[in-house]
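Working notes for the structure below.
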Amino acid sequence: MLPPVRKFLQLDREHKSLFLQAWSGLAAVRLELRSRSFKELTAGLTLHRPPFEPLGLHAEAMEQAQRIGWAVRAASRYTPWSSTCLVQVLAAQRMLQKRSIPGAFYIGAAPGNGAPDKVGLAAHAWLKCGEQFITGEAGHQHYTVVSTFSWP
């Protein structure tokens with residue numbers, strides 16, 4: 001049996017369900033990004049300037065948010081398309097909002113396309129619930145926040 005399939009089969013029922021929801025959410029977001037504008041995808045979310053820090057969550061909601069983050073990150077490794085940080089953030093945001101778990105996602109930019117000797121801009125997206133990162137933590141500190149979106 002293939003190692004990824006074996007790993008999946010060893011998951012408990014809740015983690016299998018979250019993984020499949022995340023995988024299908026990543027697919028939906030990826031398709032929508034190809035056919036709809038970012039403005040359309042974020043309609044209904046609150047745009048904040050300057051950066052906004054989401055309120056903390058009670059322990060049960062935070063545990064659920066962290067499980068969703070795990071599922072999105074894990075599923076993103078098994079998609080045949082590029083599940084970029086933005087795709088992961090939007091998929092996680094939808095899963096959280098569906099469960100009435102509030103949070104915020106951040107869009108950041110850095111000069112030099114991620115390297116000091118390069119020209120252009122690099123972008124990154126990450127999502128937090130309270131002070132906890134759900135997706136996109138790696139490297140976020142190198143980016144300046146240009147937009148923050150939240151949901152109730």
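The values are calculated or read from the model by the stated rules, or taken from the named source; none is laboratory data. Keep in mind that what you see is a predicted model, and the values were worked out from it rather than measured. No Cβ is skipped: glycine too gets one built from the backbone with ideal geometry, and neighbour counts run over all protein chains shown. Note: areas computed on protein heavy atoms with side chains; ligands, DNA, RNA excluded. Shrake-Rupley method; radii C 1.70, N 1.55, O 1.52, S 1.80 Å.
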Listing of helices (runs of 4 or more DSSP H) fully contained in the stretch 38-152 that carry 1 or more residues being farther than 27 Å from ASP12 by Cα: 38-41, 85-98
From the options ARG94, ARG99, residue that is of a type in the set (Lys, Arg) and touching a residue at least 60 places away in the same chain (Cβ under 8 Å): ARG94
All positions within the stretch 21-36 that are open to solvent by 50 Å² or more (accessible area, probe 1.4 Å) and more than 11 Å from ARG94 (Cα to Cα): TRP23, SER24, ARG30, LEU31, LEU33, ARG34, SER35, ARG36
Residues satisfying the stated conditions in the stretch 51-61, i.e. in contact (Cβ under 8 Å) with a residue 24 or more places away in the chain and out of contact with any strand residue (DSSP E or B) (no Cβ under 6 Å at 6 or more places or on another chain): GLU53, LEU55, GLY56, ALA61
Residue selected from the stretch 62-111 under the condition open to solvent by 30 Å² or more (accessible area, probe 1.4 Å) and small (Gly, Ala, Ser), by the criterion modelled with the lowest pLDDT: SER82
